[in-house]
Amino acid sequence: MAGGEFALIEQLRSRLGKAGKGVRLGIGDDAAWLDPAGRQLVATMDTLVGDRHFFPDVRPYDLAWKALAVNLSDLAAMGAEARWCLLSLALPLRAAGYGAWMEDFMAGWSALAERYGVTLAGGDTVSTDGPLTLSITALGLVDQCVMRRDTAQPGDMVWVTGSLGDAAAALDFALVERGQEGQSFPCSVAQREALEARRLRPTPRLEFGEAAAACGVCCAMDCSDGFLADLSHILEASGVHAQIALDALPLSRELMDLAGEDPERWQRWPLTGGDDYELILCAPATLSAALQRVAAALSLRLTAVGSILSPNPNGQVAVTLTWRDQSLSLPSSWGHVHAL
């Protein structure tokens, strides 16, 4: 796709590659030239593959938004300021071309990138005989130590931003709608739209992540594969145990109406569902007031859902789960498993 490739690169450069902070040389040369101005660099990368990570009929606007958001969420979990991205697009050949598709894709990308001052600094475009595939590298900067998975301590409180489970419920609905395996449930048009918006256009918690790190929080992770699965990564890396109240997990109004008092739905959607891109934080109780002030200033919901306990004597990753102060058995699946 010789001529088409360079035309596409120029289209991306003119719309998304405008000069940004610290970009000495952006799209158009063999590599980007970036200036971190003496700060520390944080990098992450994520790949989305058609038919595996998104439905083929997804709107390009939503695909671009989410592809960028999932990477920015990783930077948020480290407490970094998002600055630059590199984008690789592998596009299947098609007779209709990608003119209108690319316009909508760039609109979705711009809507999120401009919100956080993120510049597209380079990347690659190729044609493919396989499914449409996007790979994004996101780069951010920090002034202080980053938040990590291996720094949770006994006595820490476990916090969650925003709400959990909306995307998982929306995915159930979308799977059933397409004749695939999912849980069917009654849902109004307004509820469906609200849940679907959370699935397709998650909000990376960048401002809160930066502020939490500045407050002294050392342990955080973004919640993408399911709250329980992602919390287990923190517990394993830190060598600690956790006690979590299932009924304390934050739900949106729409999901609360659907889940009601059914602990099985709470386990399926907010506990293990995934695709939320909220932040899980473990922090000493002494930081609670500061974190709540930061959340209030950002109009962001922040919920304490449990605590970190001393390591399990047998050395295994362990979670004590309760529902209405009563012990509850853990589900067999803790969240999304990445198949290879």
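The values are calculated or read from the model by the stated rules, or taken from the named source; none is laboratory data. Note that the coordinates shown come from a computational prediction; the quantities given were computed from them, not determined experimentally. Every residue, glycine among them, receives a Cβ derived from its backbone with ideal geometry; neighbour counts consider all protein chains shown. To get the accessible areas, we keep the full protein, side chains included, count just its heavy atoms, and leave off ligands, DNA and RNA. Shrake-Rupley method; radii C 1.70, N 1.55, O 1.52, S 1.80 Å.
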I'd like to check something: does segment 291-302 contain any residue that is within 23 Å of Glu261 (Cα to Cα) and either within 26 Å of the chain's Cα centre (by Cα) or open to solvent by 80 Å² or more (accessible area, probe 1.4 Å) (or both)? yes
Would you confirm whether any residue within segment 204-222 is open to solvent by 30 Å² or more (accessible area, probe 1.4 Å), in a helix (DSSP H, G or I) and closer than 18 Å to Val305 by Cβ? no
For segment 157-188 the number of residues that are of a type in the set (S, T, N, Q), surrounded by 20 or more Cβ atoms within 10 Å (Cβ to Cβ) and within 14 Å of Leu258 (Cβ to Cβ) is 1
Which is open to solvent by less than 30 Å² (accessible area, probe 1.4 Å), β-branched (Val, Ile, Thr), within 26 Å of Ala220 (Cα to Cα) and in contact (Cβ under 8 Å) with a residue 12 or more places away in the chain, of Thr47, Thr119? Thr119
For Ala121, only one of the following conditions fails: (1) within 20 Å of the chain's Cα centre (by Cα); (2) not in a helix (DSSP H, G or I). What is its number? (1)
Looking only at segment 223-237, which residues are of a type outside the set (Phe, Trp, Tyr), part of a helix (DSSP H, G or I) and surrounded by 22 or more Cβ atoms within 10 Å (Cβ to Cβ)? Leu228, Asp230, Leu231, Ile234, Leu235
Leading residue by the ranking (most open to solvent (accessible area, probe 1.4 Å)) among those in segment 241-265 that are under 23 Å from the mean Cα position of the chain (by Cα) and charged (D, E, K, R): Arg253
Matching residues in segment 258-308 - criterion: being in a loop (DSSP other than H, G, I, E, B) and among the hydroxyl-bearing types (Ser, Thr, Tyr): Thr272, Tyr277, Ser299
Number of the exception - Leu112 against (1) within 28 Å of Gln292 (Cβ to Cβ); (2) open to solvent by 30 Å² or more (accessible area, probe 1.4 Å): (2)
Where residues in segment 135-153 are over 14 Å from Val217 (Cα atoms) and touching a Ser or Thr at 6+ places or on another chain (Cβ under 6 Å), which of them is most open to solvent (accessible area, probe 1.4 Å)? Ser135
